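Structure first, then comments.
The values are calculated or read from the model by the stated rules, or taken from the named source; none is laboratory data. Just so you know, these numbers come straight off a predicted model, no measurement behind them. Methodologically, a virtual Cβ is constructed for each residue, glycine included, from the backbone with ideal geometry; neighbour enumeration extends over all protein chains shown.
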Amino acid sequence: MPDIQSDGARLYYEAAGMGTPIVFLHEFSGDLWSWEKQIQHFSRRYRCVAFNARGYPPSEVPKSPSRYSHKHAVDDVAVVMRRLEIGKAHMVGCSMGSRTTLDFGLRYPHMALSLTMIGIGSGGDPRNAAAFKRDAEARAQLYEEGGLAEVLKRLRKADNRIQLKRKNPRAFEDFCRRFMQHSAQGCAHITRRVMARRPSLFSMERALRAMKVPAHVVVGDEDPGALSSGLFMKQVSPAVRLSVLPATGHLVNLEEPDLFHRLTEDFFALVESKKWRPRGR
């Protein structure tokens with residue numbers, strides 16, 4: 001299997017196509033195969049790379065909690081790109097992967113052509129830090145004590161995921177099947193060490209105002225947490241454009257792939273033709 005060693009974890013990756021690179025970063029409940037429709041579409045013109053984050057088989061699941069952090073998540077992206085000799089890429093993330101995309105754009109702006117972020121901020125509002133950490137610990141314990149099957153029962157009923165089940169039952173069942181291939185312990189480590197400890201998006205106003213990398217936030221109007229986060233980012237950052245998709249939940253790229261492809265292609269075209277401008281310029 002193709003893999004890359006990054007600070008104590010082997011990372012499994014897949015690549016397809018040639019041209020300007022796109023790096024896809026998956027959501028917490030997904031994996032690299034969540035991007036299959038996008039890789040099939042964009043690999044006709046782009047070099048597409050996706051990898052499973054540490055903690056997601058067949059990537060390595062380190063036993064030590066110290067091997068997990070939001071910094072590890074961001075630096076892993078840079079390591080993968082360097083090993084594949086990618087100097088600069090369009091970064092595309094969903095949910096947890098969207099936050100990694102944003103943090104990557106702030107930490108490694110010279111390596112990011114653009115940032116596309118689906119459903120960023122969904123799953124909780126860290127402005128109430130104590131409550132957010134309590135909820136994160138409860139979720140981590142559910143993974144450890146109830147296992148993947150118990151967590152999946154809740155995901156099947158989640159308000160921001162039910163739209164995928166209604167629109168495309170086959171895609172929803174494929175999501176559920178792949179979810180059961182995850183590591184419960186890996187998910188628990190990521191919940192405690194990555195999700196619960198990274199800075200709140202709403203505490204990053206100064207960094208967002210100063211951000212220069214072209215950014216596109218894409219949210220469904222049936223994903224309330226992401227909707228409020230997307231509006232906040234649009235309000236404070238001149239670099240952010242915001243697209244809100246109607247009757248759509250958390251998994252925009254799976255629910256509305258054709259529309260997502262068109263929006264993303266238009267955004268990429270503006271960036272690549274150097275016609276993209278921050279708000280007010």
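All conditions but one from (1) acidic (Asp, Glu); (2) touching a residue at least 60 places away in the same chain (Cβ under 8 Å); (3) buried (at least 18 other Cβ atoms within 10 Å of the Cβ) apply to Glu60; the one that does not is (2).
Let's see how each residue does on (1) under 21 Å from Tyr68 (Cβ atoms); (2) surrounded by fewer than 24 Cβ atoms within 10 Å (Cβ to Cβ); (3) without any contact (Cβ under 8 Å) to a residue 24 or more places away in the chain; (4) not acidic (Asp, Glu):
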site	(1), (2), (3), (4)
Leu84	no, yes, no, yes
His90	no, no, no, yes
Gly93	yes, no, no, yes
Arg99	yes, no, no, yes
Asp103	yes, yes, no, no
Tyr108	yes, yes, no, yes
Met111	no, yes, no, yes
Ile118	no, no, no, yes
Glu137	yes, yes, no, no
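Among the residues of segment 181-202, is there at least one that is surrounded by 18 or more Cβ atoms within 10 Å (Cβ to Cβ) and in contact with a His (Cβ under 6 Å, 6 or more places away or on another chain)? Before the answer, list the steps.
As a first pass, look at segment 181-202 and keep what is surrounded by 18 or more Cβ atoms within 10 Å (Cβ to Cβ): 182, 184, 186-196, 198, 201.
Now restrict to residues that are in contact with a His (Cβ under 6 Å, 6 or more places away or on another chain): 194, 198.
Within segment 181-202, one or more residues are surrounded by 18 or more Cβ atoms within 10 Å (Cβ to Cβ) and in contact with a His (Cβ under 6 Å, 6 or more places away or on another chain).
Output the residues belonging to segment 1-40 that are acidic (Asp, Glu) and not in a strand (DSSP E or B).
Step one: of segment 1-40, the residues acidic (Asp, Glu) are 3, 7, 14, 27, 31, 36.
Listed by number, the residues that qualify are Asp7, Glu27, Asp31, Glu36.
Please pick out the residue among Ala140, Ala136, Ala149, Ala188 that is modelled with pLDDT under 95, in a helix (DSSP H, G or I), of a type outside the set (Asp, Glu) and under 26 Å from Pro62 (Cα atoms). Break it down into steps so the answer makes sense when it comes.
Values: Ala140 fails: modelled with pLDDT under 95; Ala149 fails: modelled with pLDDT under 95; Ala188 fails: modelled with pLDDT under 95.
Checking each option against the conditions leaves just Ala136.
Please determine, by comparing only the residues of segment 63-114 that are of a type in the set (Ser, Thr, Tyr) and part of a helix (DSSP H, G or I), which one is nearest to Gly30 (Cα to Cα).
Narrowing segment 63-114 to residues of a type in the set (Ser, Thr, Tyr): 64, 66, 68-69, 95, 98, 100-101, 108, 114.
From what's left, part of a helix (DSSP H, G or I): 66, 98, 100-101.
On the way: Ser66: 22, Ser98: 13, Thr100: 14, Thr101: 15 Å.
Step by step, filter segment 63-114, then rank; the result is Ser98.
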